[in-house]
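Below is one structure, written out as structure tokens; comments come after it.
The values are calculated or read from the model by the stated rules, or taken from the named source; none is laboratory data. It should be emphasised that the depicted structure is a prediction, and the values quoted were computed from it without experimental measurement. Using ideal geometry, Cβ is built from the backbone for each residue, glycine included, and neighbour counts are taken over all protein chains shown.
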Amino acid sequence: MGQPRRGGALAAVLGLVLTVSAAAPAAAEARTTPHYRNPISVDVGDTFADPVVVRGDDGYWYAYGTTDPLREAEKQPHRVPTARSADLVDWTYAGDAFGPDQRPPYAAPGAAFWAPDVRRIGDRYVMYVTVTDTTVSPEGSDYAIGAATAPTPTGPWTFADQPVVAPRPGGGGGWLWTIDPSQFTDVDGRNYLYYGSYYGGVSVTELTPDGLHATGSPTLVAVDNKFEGSYVLRHDGWYYLFASTANCCAGPATGYSVQVGRARSPRGPFLDRDGIALTASRTGGTPVLTQNGNRWIGTGHNGFLTDLSGQDWIVYHAIDRADPYLDEPFGVNERPMLIDRLDWIDGWPTVNAGAGPSDGERPAPVTTGPLDERFDTTGLARWRRVAGDWQVDDGRLTGSGAMTSRTTVGGDLRAEADLRLTGAASAGITLADRVEVRVDATAGRLVARDGSRTAGAALPAGFTPADRHNLSVEVRGRQLVAELSPARLGDQLAVVELRLDRPVSGRIGLGAIGGAAEFDNVSAVRLYRPARAATTPGAGRILPSYSDDFTDGLGPAWSWVRPDPAATVAGGALRWPVQSADFSGTANTAGVLLRDAPAGDYVAETKVTLDLGEESVRNYQQAGLVAYVDDDRFARLAQVAIWNTRQVEYGYELPFAGQPVYGGTIVGTPATTTWLRLAHHVDPTTGEHEFRAASSRDGQHWTWGGVWTFPADTTPRIGLVAHGGATPAVTAEFDYLRFYR
């Protein structure tokens, strides 16, 4: 095939269509940007946990949630509730995926279906779900991963007869937590399934081409006792494993959050930003999403999508700390669905550029634009035939040759289309009558070309051109990136990048040669603008009158709650043997060493050495910082042994419904010597005390995590703790407690 030229035969056939004007913005972009407010599931239910979203063939978006009642006082659980939206903001209930008596043959009566994941595999949709109770064991909790298939996102769903992953006996008794499935298709066309939780860790297994059976041996990709709710996507050649950590469901003390690691293979090893593996005993994990002090806590179990402008978004559930339960206290946790922008900063994903979950109006995802064609009418008034024979049938454009849109858009852009090569040898999109991106079924490649410049990527072995795929093309300046994917969920089958001869200023087109092709959901809009990283707290200048470097005993500024005479100061350090005690719940036996904090905003910091070893079980030895009001209201930031792992936990306790409630969130990875910070801020509107936590392995590079809050009428003090178990004996060594402003 010869090189295309402006006005040449190939450009006339493949070329097309949408005039791009760099001089003036489109009228649609001059209008007010649509906005949204979390939670987005408010019209569907009071709760909608473990959400995922997929785009249907009809151009609508579909969301799926875990088995729960949807409304206060409803009591009756919905078996994978389903919602539909045209704009990712306003959702309507579309029914339940499964009827009251519908279950696979291996499921026990009364089994629930948790944490669905829905993907397009081949010519159908596949839903993966946790089956909570099977016929394998009479004892229950013998979780399995099941699968169901459907021709549309709303069903009808038909269960496969056998589980994809069967219940797995645990080495320590019971059954491993085989829950939270998430599917991923790689560029070589292989299908994978990620699954698992705190008991057993997160594993990945390859699937058969139909996606219904595990094959080969699984690989552990994230350690047990820290991660669950995994989700994998591919971005810039890296594989990113998102996983939720801490307790999902502790009501007003829920600290669920999302962390990430990345790898060069879908089987890992996944490392965090500091190069620490998610399978290590001192477990890695770079924060993606964590609570920031507004109404939302327990922000986790995420899904993913990309809007029409190319902006990535994360869907997840969270808990309103003022309304944590669906009905009575300590009942079903109320976890509605939220959505927020997912930005990429220096190669790492972060929500709202690091600002965390949103509360209040935010610019909405782009789900329509200057060109947004669903072919839902039989006419082609918005199009001009350039060559060949075209017709609209059953909501799709079918034919061969070329069609031209009469719509204009300007600036950097993103164009996409759902595409099937029903008989064509080649079909795709062109820009400016000179730049073409096409699926070449004959050569088995995705090809991008601009005059003499060309780039291509092989399509997977076994690629079926007649299956529906999504083709997207982004142009920013002179850089073009094209992707072909089965489900638009970070699961590219092929990616091509091409440096253009010059920026595009011309037309965008759809076309097919050598036979017929089918196009649907064609769009072209302005490309999203990358965000800048949000700022993190700085230490500022030291406040000497509030700080202590432990050079001369414990001064009068210190006071004890339950003194521990074993704690001593000598040689510039506080040495404190870890106590066999605690002060969470009603076990208020541990000592707490406190001093007053300055008024206003400040940062408190300590450097603590605690040799907890690795791999062994030393529950729950810990040492670190605490913001303390009393034994039933505190926030504790400590490096801690949690079974086989070592983590930096930011625990939180508060009184609720007549009893103390404890939860926590995870902040970074500890070393033997770990630096810890609490950044205090007073909310100017509510007067609440907000404490944001951070940890560091070298005292220079900090990982910032979640925020816990205290009421305005409290006066939190800052102190140190060392407790959780005296066996084996270990001593925490604190170099200082310093305050900065």
Requested in this report: Could you tell me which of the residues Asp188, Asp133, Asp101 is closer than 30 Å to Phe463 by Cα and acidic (Asp, Glu)?
Outcome: Asp188
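Quick grid of which residues meet (1) loosely packed, with under 14 Cβ neighbours inside 10 Å; (2) under 25 Å from Gly99 (Cβ atoms):
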| residue | (1), (2) |
| --- | --- |
| Asp142 | no, yes |
| Pro163 | no, yes |
| Gly171 | yes, no |
| Thr178 | no, yes |
| Pro181 | no, yes |
| Phe184 | no, no |
**Report entry** Output for the stretch 90-109, where each listed residue is crowded, with 19+ Cβ neighbours inside 10 Å and closer than 16 Å to Val42 by Cβ
**Finding:** Trp91, Ala94
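Which residue is nearest to Glu328 (Cα to Cα), if the candidates are limited to the stretch 627-676 and must be in a strand (DSSP E or B) and hydroxyl-bearing (Ser, Thr, Tyr)?
Going through the stretch 627-676, the residues in a strand (DSSP E or B) turn out to be 627-630, 633-642, 645-656, 659-666, 673-676.
From what's left, hydroxyl-bearing (Ser, Thr, Tyr): 628, 645, 650, 652, 662, 665, 673-674.
Details: Tyr628: 28, Thr645: 34, Tyr650: 27, Tyr652: 21, Tyr662: 18, Thr665: 24, Thr673: 43, Thr674: 40 Å.
Once the filter is applied, the top-ranked residue is Tyr662.
Only one of Gly268, Gly275 is in a loop (DSSP other than H, G, I, E, B), farther than 25 Å from Thr205 by Cβ and outside the structural domain of Ala494 (by TED's automatic domain parsing). Can you tell me which?
Exactly one of Gly268, Gly275 is in a loop (DSSP other than H, G, I, E, B), farther than 25 Å from Thr205 by Cβ and outside the structural domain of Ala494 (by TED's automatic domain parsing), namely Gly275.
Being in the same structural domain as Thr673 (by TED's automatic domain parsing) and surrounded by fewer than 18 Cβ atoms within 10 Å (Cβ to Cβ) narrows it down to one of Arg595, Arg562, so name that one. Reasoning before the result, please.
Values: Arg595 fails: surrounded by fewer than 18 Cβ atoms within 10 Å (Cβ to Cβ).
Answer to the check: Arg562.
Select from the stretch 349-376 the residues that are among the hydrophobic types (A, V, I, L, M, F, W, C), farther than 17 Å from Gly706 by Cβ and touching a Phe, Trp or Tyr at 6+ places or on another chain (Cβ under 9 Å) and list them in ascending order.
Filtering the stretch 349-376 down to residues among the hydrophobic types (A, V, I, L, M, F, W, C) leaves 351, 353, 355, 364, 366, 371, 375.
Then keep just the ones that are farther than 17 Å from Gly706 by Cβ; that gives 364, 366, 371, 375.
Residues satisfying the conditions are Ala364, Val366, Phe375.
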Report task. Enumerate the pairs (first residue in the stretch 576-599 and without any contact (Cβ under 8 Å) to a residue 60 or more places away in the chain; second residue anywhere and part of a strand (DSSP E or B)) with beta-carbon separation below 9 Å, excluding pairs fewer than 6 apart on the same chain, so at least 6 apart or on different chains. Result -> Asn588/Val561; Thr589/Gln579; Thr589/His723; Ala599/Val682
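Residues in the stretch 662-706 that are among the β-branched types (Val, Ile, Thr) and under 21 Å from Gly719 (Cβ atoms): how many? Spell out how you get there, then give the answer.
So the first thing to find is which residues in the stretch 662-706 are among the β-branched types (Val, Ile, Thr), and the list is 665-667, 669, 672-674, 682, 685-686, 703.
If we keep only those that are under 21 Å from Gly719 (Cβ atoms) too, we end up with 665, 667, 673-674, 682.
The total comes to 5.
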Report summary line: Considering residues that are more than 21 Å from Asn292 (Cβ to Cβ) and free of Cβ contacts under 8 Å to residues at least 40 places away in the same chain, the number found within the stretch 685-741 is 3
Query - Entirely in the stretch 67-134, the strands (runs of 3 or more DSSP E) that have 3 or more residues that are more than 20 Å from Leu207 (Cβ to Cβ) and modelled with pLDDT of 95 or more - result: 81-85, 92-96
Report summary line: Of those in the stretch 703-728 that are of a type in the set (Val, Ile, Thr) and touching a Gly at 6+ places or on another chain (Cβ under 8 Å), the residue surrounded by the most Cβ atoms within 10 Å (Cβ to Cβ) is Val721
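Within the stretch 679-689, can one find any residue that is within 21 Å of Asp272 (Cβ to Cβ) and part of a strand (DSSP E or B)?
Start the filter on the stretch 679-689 by keeping residues that are within 21 Å of Asp272 (Cβ to Cβ), which leaves none.
No, the stretch 679-689 contains no residue that is within 21 Å of Asp272 (Cβ to Cβ) and part of a strand (DSSP E or B).
I'd like to check which strands (runs of 3 or more DSSP E) are fully inside the stretch 150-207 and have at least 3 residues that are closer than 26 Å to Ile642 by Cα. Let's see the steps before the verdict.
Values: elements: 182-185, 191-197, 201-207.
It comes to 191-197, 201-207.
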Report summary line: For the stretch 693-720, the count of residues that are farther than 20 Å from Val592 by Cα and not β-branched (Val, Ile, Thr) equals 15
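Are any residues in the stretch 51-66 assigned to a loop (DSSP other than H, G, I, E, B), within 10 Å of Pro153 (Cα to Cα) and touching a Phe, Trp or Tyr at 6+ places or on another chain (Cβ under 6 Å), and if so, which ones? Give the derivation first.
Pass one, the stretch 51-66, residues assigned to a loop (DSSP other than H, G, I, E, B): 51, 56-60, 65-66.
With the extra rule that they be within 10 Å of Pro153 (Cα to Cα), the set shrinks to 56-58, 60.
Answer for the stretch 51-66, where residues must be assigned to a loop (DSSP other than H, G, I, E, B), within 10 Å of Pro153 (Cα to Cα) and touching a Phe, Trp or Tyr at 6+ places or on another chain (Cβ under 6 Å): just Gly56.
Matching residues to (1) out of contact with any Gly (no Cβ under 8 Å at 6 or more places or on another chain); (2) surrounded by fewer than 24 Cβ atoms within 10 Å (Cβ to Cβ); (3) not β-branched (Val, Ile, Thr):
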position	(1), (2), (3)
Val608	no, no, no
Leu654	yes, yes, yes
Ala679	yes, yes, yes
Thr685	yes, yes, no
Query - the stretch 389-424 - residue that is in contact with a Gly (Cβ under 6 Å, 6 or more places away or on another chain) and charged (D, E, K, R) and, of those, nearest to Val475 (Cα to Cα) - result: Arg414
Requested in this report: Looking only at the stretch 650-659, decide whether some residue is more than 26 Å from Glu228 (Cβ to Cβ), modelled with pLDDT of 95 or more and in contact with a strand residue (DSSP E or B) (Cβ under 8 Å, 6 or more places away or on another chain).
Outcome: yes
Requested in this report: Would you list the strands (runs of 3 or more DSSP E) that sit entirely within the stretch 381-457 and hold 1 or more residues that are free of Cβ contacts under 8 Å to residues at least 24 places away in the same chain?
Outcome: 383-393, 435-440
Report summary line: Taking the stretch 279-322 and the residues there that are at positive phi and either touching a helix residue (DSSP H, G or I) at 6+ places or on another chain (Cβ under 9 Å) or outside any loop (DSSP other than H, G, I, E, B) (or both), the one that is surrounded by the most Cβ atoms within 10 Å (Cβ to Cβ) would be Gly298
Query raised in the report: Residues in the stretch 444-465: is at least one within 15 Å of Ala524 (Cβ to Cβ), crowded, with 19+ Cβ neighbours inside 10 Å and assigned by TED's automatic domain parsing to the domain that holds Arg502?
Result: no
Requested in this report: Have a look at Gly379, Gly360, Gly331 and point out the one that is at positive phi and out of contact with any Pro (no Cβ under 9 Å at 6 or more places or on another chain).
Outcome: Gly360
